[in-house]
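Data first, discussion second: the structure below is written as structure tokens.
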Amino acid sequence: TMEVVSRGTAGRAGLASKVRARRGRSLRVRAGKGFGKKKIEPLPRVEETNSASTSTSSFGVDAGRSLEERVVPPEEPSVPDEVVDRALTRMLTFSGIPFAAGLLFFPSFWYLKVVRHVDVPMYVVYAVSTVFVGVSLAGITYGLLSTSGTSSQKSFLGFEDFKRNLDSLIGKK
């Protein structure tokens, strides 16, 4: 027989347990660290019936149907493709240009230091790259917020849509 003995709060983990098996071995039971094999439980078997309407399975209405019949057709997108394309174009433009400019500063700083022998402090390199990455992140936000939800486009840069979307985002109006 097995016997479980609790040692209270003694030990490294606080509450440790000992298990004594038949053969006299004692094993310490510890909590797992989160590693190991995942337990895979098989799905309950669905018994097919001749009539789908008389299904008494716990899976619901679709239990008697085959897998092909249960597949839900894709829904129509709620945002028109033109709006998605415009938002993506603006996000790539307003974030890609500053990011590319920030990447071009690294070779220019190298050129100044190695070829022209100009001593540029490292904090200037860090500050310039941080500014361009920050402007790039702001460009992603602006590109998304400057897009109208309708397919009609009023302006090229979307300043009016940005103001309206920002007001609705922060709760004004």
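The values are calculated or read from the model by the stated rules, or taken from the named source; none is laboratory data. Computed from a predicted structure; not experimentally measured. When we count neighbours, we look across all protein chains shown, and the Cβ atoms used for this are built from the backbone with ideal geometry, even at glycine. These accessible areas exclude ligands, DNA and RNA; they are computed on the full protein's heavy atoms, side chains included. Shrake-Rupley method; radii C 1.70, N 1.55, O 1.52, S 1.80 Å.
Sort out which residues of the range 150-165 are open to solvent by 60 Å² or more (accessible area, probe 1.4 Å) and either outside any loop (DSSP other than H, G, I, E, B) or not basic (Lys, Arg) (or both), and write them in order of number. Walk me through it before giving the result.
The first filter runs over the range 150-165 and keeps only residues open to solvent by 60 Å² or more (accessible area, probe 1.4 Å), leaving 150, 152-154, 156-157, 159-160, 163-164.
Answer for the range 150-165, where residues must be open to solvent by 60 Å² or more (accessible area, probe 1.4 Å) and either outside any loop (DSSP other than H, G, I, E, B) or not basic (Lys, Arg) (or both): Thr150, Ser152, Gln153, Phe156, Leu157, Phe159, Glu160, Lys163, Arg164.
So which of Val84, Val79 ends up being modelled with pLDDT of 60 or more, under 30 Å from Ser151 (Cα atoms) and in a helix (DSSP H, G or I)? Please lay out each step first, then the result.
Values: Val79 fails: in a helix (DSSP H, G or I).
Testing whether each residue is modelled with pLDDT of 60 or more, under 30 Å from Ser151 (Cα atoms) and in a helix (DSSP H, G or I) leaves just Val84.
Can you tell me how many residues within the range 104-133 are surrounded by 13 or more Cβ atoms within 10 Å (Cβ to Cβ) and part of a helix (DSSP H, G or I)? Before you say what the answer is, go through the steps one by one.
Taking the range 104-133 as the starting set, the residues that turn out to be surrounded by 13 or more Cβ atoms within 10 Å (Cβ to Cβ) are 105, 109, 112-113, 120, 125, 128-129, 131-133.
Still in the list and also part of a helix (DSSP H, G or I): 105, 109, 112-113, 125, 128-129, 131-133.
Looking only at that region, the number is 10.
Assess whether Ser136 counts as being under 24 Å from Met91 (Cβ atoms), open to solvent by less than 90 Å² (accessible area, probe 1.4 Å) and modelled with pLDDT under 95.
Details: under 24 Å from Met91 (Cβ atoms): yes; open to solvent by less than 90 Å² (accessible area, probe 1.4 Å): yes; modelled with pLDDT under 95: no.
Answer is no for this residue.
Keeping to the range 81-103, report how many residues are open to solvent by less than 90 Å² (accessible area, probe 1.4 Å), of a type in the set (Val, Ile, Thr) and in contact with a helix residue (DSSP H, G or I) (Cβ under 9 Å, 6 or more places away or on another chain).
2
Go through the range 112-141 and report how many residues are more than 13 Å from Pro98 (Cα to Cα) and not hydrophobic (A, V, I, L, M, F, W, C). Spell out the reasoning first.
Initially, the range 112-141 is screened for residues more than 13 Å from Pro98 (Cα to Cα), giving 112-127, 141.
Remaining after also requiring not hydrophobic (A, V, I, L, M, F, W, C): 113, 116-117, 119, 121, 123, 126, 141.
Of the residues in that region, 8 qualify.
Cβ-Cβ below 9 Å, separation at least six or inter-chain, first residue in the range 89-102 and farther than 15 Å from Val128 by Cα and small (Gly, Ala, Ser), second part of a helix (DSSP H, G or I) and open to solvent by 30 Å² or more (accessible area, probe 1.4 Å): which pairs?
Cβ pairs passing all conditions: Ser95/Val135; Ser95/Leu137; Ser95/Ala138; Ser95/Ile140; Ser95/Thr141; Ser95/Tyr142.
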